[in-house]
Amino acid sequence: MVENLRTIVQQHLRQIIAPVVGLLARSRLSPNQISIAGFVLALIAMGILMAGYPVAAGILFLLGSSFDILDGALARLEKKITPFGAFLDSTLDRISEGAMLMAIAYRLALEGQAAAVAGVVLAMLGGMLTSYTRARAEALGITCAIGWVSRPERVIIMGAGLIFDLLIEAIYLLAVLSLWTAGQRFLHVSSTLRHPNSSNP
């Protein structure tokens, strides 16, 4: 059900961003340049958050993360999908997410929110495991895009938490859902490896 909803949302997003992608294609910007631009915006958002402006940081982080949709769409439009482009995009995504979580931990530490800082660590671990289990599964030839929250959902939870002054609640939610998703993927891969003759979605 979650995967079906995610697919529907992605289809609508592609329709919405189609005009923007067309403009980017005419600008002659490469998908990799779009990826780097989004990464730079995320780093700026990190700095703004550490300076104490969570709403501005949340908006800028969501804006920069939206480039993750644009670079892929542009690569498909111009038929420039390359292994290096995928590697660069994935690597920058991980750094961007980690940088924002570090800034969040910094702000929470300044406020004396020790439990919430521990929640940030768990959220970071959950995000890392979610990505790692998928990468390892695909290296074994197993499709593993299942689970409640992947990067887009994690980004939305963080951004919304910053913008609507619900940061601590967002961090706890992110920690729980990320670890749950990692567990879902682990169980899926484990089951598939134990029963190799079963269908692999």
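For the reader, a short list of remarks on this structure follows.
- Count of residues meeting criterion [under 24 Å from P196 (Cα atoms), in contact with an Asp or Glu (Cβ under 9 Å, 6 or more places away or on another chain) and aliphatic (A, V, I, L, M)] in the range 121-133: 0
- Considering residues of the range 145-167 that are surrounded by fewer than 17 Cβ atoms within 10 Å (Cβ to Cβ) and not in a loop (DSSP other than H, G, I, E, B) only, the residue nearest to the chain's Cα centre (by Cα): P152
- Complete set of residues in the range 134-174 that are over 22 Å from F67 (Cα atoms) and touching an Asp or Glu at 6+ places or on another chain (Cβ under 8 Å): C144, I146
- Residues being open to solvent by 80 Å² or more (accessible area, probe 1.4 Å) and either outside any loop (DSSP other than H, G, I, E, B) or at pLDDT 95 or above (or both) - total across the range 20-35: 3
- Those residues of the range 48-62 which are without any contact (Cβ under 8 Å) to a residue 24 or more places away in the chain and either assigned to a helix (DSSP H, G or I) or open to solvent by less than 10 Å² (accessible area, probe 1.4 Å) (or both), in sequence order: I48, A56, L60
- Residue satisfying all of: in the range 113-128; among the aliphatic types (A, V, I, L, M) and within 15 Å of V149 (Cβ to Cβ); least open to solvent (accessible area, probe 1.4 Å) among these: A123
- Some residue of the range 104-112 being of a type in the set (D, E) and in a helix (DSSP H, G or I): no
- Among the candidates I8, I48, I81, I17, the residue that is at pLDDT below 95 and in contact with a Leu (Cβ under 9 Å, 6 or more places away or on another chain) is uniquely I17.
- For the range 113-142, a residue qualifies if it is part of a loop (DSSP other than H, G, I, E, B) and in contact with a His (Cβ under 9 Å, 6 or more places away or on another chain), and exactly one does: I142.
The values are calculated or read from the model by the stated rules, or taken from the named source; none is laboratory data. Everything numeric in this text was worked out from a predicted model, so none of it was measured. Cβ coordinates were reconstructed from backbone atoms using ideal geometry, including for glycine residues, and neighbour counts include every protein chain displayed. Keep in mind that these areas ignore ligands, DNA and RNA; they rest on the heavy atoms of the full protein, side chains included. Shrake-Rupley method; radii C 1.70, N 1.55, O 1.52, S 1.80 Å.
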